[in-house]
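The values are calculated or read from the model by the stated rules, or taken from the named source; none is laboratory data. This structure is a prediction, so every number in the text was calculated from the model and none was measured. Ideal geometry is used to build each Cβ from the backbone, glycine not excepted, and the neighbour counts take in all protein chains shown. Heavy atoms of the whole protein, side chains included, go into the accessibility calculation; ligands, DNA and RNA do not. Shrake-Rupley method; radii C 1.70, N 1.55, O 1.52, S 1.80 Å.
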Amino acid sequence: MKLICDTVESCARLAAARYQRLLNEKPDAVLGLATGSTPEPLYRELIRLNKAGALSFARAATYNLDEYVGLRGDHPQSYRYFMDDRLFDHVDIKKENTHVPDGLHTTAENAADYDQAIAAAGGIDLQLLGIGPNGHIGFNEPGGPWNSRTHIADLSDSTRQANKRFFSSIDDVPTQAISMGIMTIMHARSILVLAFGPAKAQAVAAMVKGPVDPACPASILQLHPDVTVFADEEAAALV
Ligand code: GLP
């Protein structure tokens, strides 16, 4: 696992350069994408590069990590809405090649279909991850199984608290999500993790140098052969 510590802006630029390289070498790359505040500077940089003609998503396909159960794609807090608003509507990607788990039809069968669709597309070339303050990746919460595929996940109280800033009250925060599993994530050929701000310091330290333990789901990334973590000084403070 490689850790690069720089400012948020530099991390976003360096991470965007990885996408530029990948998409230039493999225009039909399969990208695993993430939501949350953390990827926003990267998405702004990708939009800038796309508008400048430096990279194209025209042949790329994307698969997002997760979606809240019960939110329609046009709900402003849904992850589908977030991705359209922060990235897809501003770049040359074909909407039909973008995939976010369906938060309305959340059966075990639909969840399994998501993994099959990823495999049929050739597998994920580059998976983007944020990290929750408790070390979750996607919505794989502490204590969950290592061998999970896309599944319906119960959200921990701390994750609902952390995400309530996007909703009018805690009662509006969904209690479940459909999320890629740990195994789905570990199958990606390469992984980029972004972590910014002091709230992520403990989780980043546990991910990078803690024991590989389900208590910190992100710690399993130590076992993946190609992971780069971009963190600002505050997030890397305890490493
Ligand atoms: C959510 C998402 C994660 C994300 C995390 C951190 O729980 N499911 O994929 O990494 O939040 O979000 P933020 O970047 O806003 O801190």
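Listed by chain and number, the lysines whose alpha-carbon sits under 26 Å from that of K209, ignoring those within fewer than 8 places in the same chain, are K2, K200.
The helix-only estimate of mean residue ellipticity at 222 nm for the chain, built from DSSP H runs of length n ≥ 4 each weighted as -39500 (n - 2.57), is -9000 deg cm²/dmol after division by the residue total. Excluding same-chain neighbours fewer than eight residues apart, the lysines reachable from K95 by a Cα-Cα span under 29 Å are K26, K51, K164. Here the range 2-231 carries DSSP beta bridges of which approximately 30% are antiparallel, counting only pairs with both residues inside. Taken along its three principal axes, the alpha carbon spread of the chain comes to 43, 40, 34 Å, from the longest extent down to the shortest. Average accessible surface for the range 1-155: 44 Å² per residue, computed with a 1.4 Å probe over protein heavy atoms with every protein chain in place. For the range 2-231, what is the charge dipole size about the Cα centre, in debye to the nearest 20, if Lys and Arg each add +1 at the Cβ and Asp and Glu each add -1 at the Cβ? Computed charge dipole of the range 2-231: roughly 720 debye. Summary of packing: across the peptides 114-121, 96-103, the per-residue average of other C-beta atoms within 10 Å ranks them, highest first, as 96-103, 114-121. Just checking the listed ones, D157, D125, D84: in the Gaussian network model of the chain with Cα springs under 10 Å, the one fluctuating most is D157. Full extension of the chain between A121 and A237 yields a length gain of 37.9 nm, computed as 0.36 nm times the residue separation minus the alpha carbon distance. For a modelled paramagnetic label at L104, 7 Å from Cα along Cα-to-Cβ, the residues of the range 63-92 in reach, with backbone nitrogen under 11 Å, are 70-75. For the pair I4 and A54, a Förster radius of 30 Å applied to the C-beta separation gives a FRET efficiency near 0.90, rounded to the nearest 0.05. The smallest convex shape that holds all Cα atoms of the range 1-93, its convex hull, gives 107 Å³ per residue. Segment K209..Q161, full-extension length gain: 14.7 nm, with 0.36 nm per residue of separation and the alpha-carbon distance subtracted.
Each part reduced to its alpha carbon centroid, the range 165-239 and the range 67-83 end up 21 Å apart.
Cβ-Cβ distance of R18 and Q77, R₀ of 30 Å, FRET efficiency by 1/(1 + (r/R0)^6): the value works out to about 0.60.
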